[in-house]
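Q: One structure follows; several queries about it will come next.
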Ligand SMILES: Nc1ncnc2c1ncn2[C@@H]1O[C@H](COP(=O)(O)OP(=O)(O)OP(=O)(O)O)[C@@H](O)[C@H]1O
């Protein structure tokens, strides 16, 4: 059997030393290579913290995080990341923003000068995939919030990451743009099959996009349950209105509401 691509084993995370905030306690989860999982849970339960540990932005206080067979001990170059806030650099145009990871992440950084044309084509293809062709030379402030978020997804994908970490990337968008981007995300996943971990508050989004939805307890967070999503891909937005789909969303909502009631005792 192939080992999981991401293995989180008995991870705890306390911010600010022994008297600080315990965000995660004994959290464990495995994610298979090419699997799409969504992480949901009560507000403040440690979802973003989990993302920071997997991408190596913080070391855990206890436990181990293994990605692609190696323990994570610093920022992961095989990961692409997108957050709720698109964080594009205002002085760079859209294509230069999208190409930013190529200037940082090896081996692309080494190859960029010699293969600029190929890389630029890749960035243009991604912009086209998300409906932003024609906007390459614009600056972030000339684009709407939804368009900036599309560009930030392209930036997360431009170095062909094997692991894609998405922390509420659609959270700030209106419902129509959000649903458009779900389908963009689905198309990207079908085309490239990266391993994806998506943190979201939107249970419909979690069920629409993921193979498996993981539910966290209240803080200090750990994974307390999971729900497989039985639908093959490509999935269609109309499915989200069907009774079976809505029953899964309700089931998740109930689990989270139970998790919220079982408030943890160590809540420092
Ligand atoms: N850099 C930090 N320093 C100190 N405490 C932090 C830090 N980051 C997060 N925390 C605390 O850790 C806990 C978990 O935060 P985290 O952002 O991981 O939760 P979340 O589940 O992503 O929250 P939300 O659902 O509201 O986005 C919270 O109590 C938060 O205040």
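What follows draws every value from the coordinates through simple rules; no lab data is involved. Since the structure is predicted, the reported quantities are computational estimates derived from the model, not experimental observations. Please note: Cβ atoms are built from the backbone with ideal geometry, for glycine as well, and neighbour counts cover all protein chains shown.
Q: Once you have a ≥ b ≥ c as the square roots of the Cα gyration tensor eigenvalues for segment 70-145, tell me rounded if a/c is under 1.5, and otherwise prolate or oblate according to whether a/b is larger than b/c.
A: Working: a/c = 2.06, a/b = 1.33, b/c = 1.55.
Cα axes put segment 70-145 in the oblate bin.
Q: 7 Å from Cα along Cα→Cβ at both residue 201 and residue 137: what's the point-to-point distance in nm?
A: 4.0
Q: Right, next: Classify segment 49-201 as rounded, prolate or oblate from the Cα gyration tensor: take a ≥ b ≥ c as the square roots of its eigenvalues, call it rounded if a/c is under 1.5, otherwise prolate when a/b beats b/c and oblate if not.
A: On the way: a/c = 1.79, a/b = 1.25, b/c = 1.43.
Taking the square roots of the gyration eigenvalues as a ≥ b ≥ c, segment 49-201 is oblate.
Q: Given an 8 Å cut-off on Cα distances and at least 6 residues of separation, report the relative contact order of segment 12-149 as a percent.
A: Details: 116 pairs, mean separation 24.4, N = 138.
Dividing the mean separation by the residue count of segment 12-149 yields 18 percent.
Q: Ordered by packing density, taken as the mean number of other Cβ atoms within 10 Å over each peptide's residues, highest first, how do 29-36, 242-249, 150-157 rank?
A: Numbers: 29-36: 18.0, 242-249: 13.4, 150-157: 25.4.
Most protected by this proxy first, the peptides run 150-157, 29-36, 242-249.
Q: Another one. Return a whole-number percent for the relative contact order of the chain, with Cα pairs under 8 Å and 6 or more residues apart as the contact set.
A: On the way: 501 pairs, mean separation 71.0, N = 268.
26 percent.
Q: In percent, how large is the relative contact order of segment 80-161, given Cα pairs closer than 8 Å and 6 or more residues apart?
A: Computed over segment 80-161, the figure is 52 percent.
Q: Suppose the chain between residue 125 and residue 238 were pulled fully straight at 0.36 nm per residue; how much longer would it get relative to their current alpha carbon spacing? Mind dumping the intermediate values first?
A: On the way: separation 113, 0.36 × 113 = 40.68 nm, distance 2.76 nm.
The span from residue 125 to residue 238 would gain 37.9 nm if fully extended.
Q: Calculate, for residue 15 and residue 70, the FRET efficiency according to 1/(1 + (r/R0)^6) with r their C-beta to C-beta distance and R0 30 Å; round to the nearest 0.05. Working shown, then result.
A: Details: r = 25 Å, r/R0 = 0.84.
Here the calculated transfer efficiency is 0.75.
Q: Another question, if that's okay. Just order 87-97, 219-229, 110-120, 205-215 by mean Cβ neighbour count inside 10 Å, highest at the front, would you? Kindly include the intermediate steps, with their values, before the conclusion.
A: Details: 87-97: 16.5, 219-229: 19.1, 110-120: 12.5, 205-215: 22.6.
Ranked from most to least packed, the peptides come out as 205-215, 219-229, 87-97, 110-120.
Q: State the Cα centre-to-centre distance between segment 96-169 and segment 54-69 in whole Å.
A: 26
Q: Within segment 62-77, name every residue whose backbone N is under 20 Å away from a label modeled 7 Å from Cα of residue 2 along the Cβ vector.
A: Flagged as within label range: 66-72, 77.
Q: What is the distance, in nm, between label points placed 7 Å from the Cα along the Cα-to-Cβ direction at residue 30 and at residue 231?
A: Result for the modelled spin labels: 2.7 nm.
Q: What's the FRET efficiency of residue 113 with residue 85 using the Cβ-Cβ distance as r and R₀ = 35 Å, to the nearest 0.05? Mind showing how you got there, number by number?
A: Values: r = 31 Å, r/R0 = 0.88.
Result of the calculation: an efficiency of 0.70.
Q: How many nm is it between the label spots at residue 58 and residue 260, if each spot is 7 Å from the Cα in line with the beta carbon?
A: If labels sit at residue 58 and residue 260, their model points lie 2.3 nm apart.
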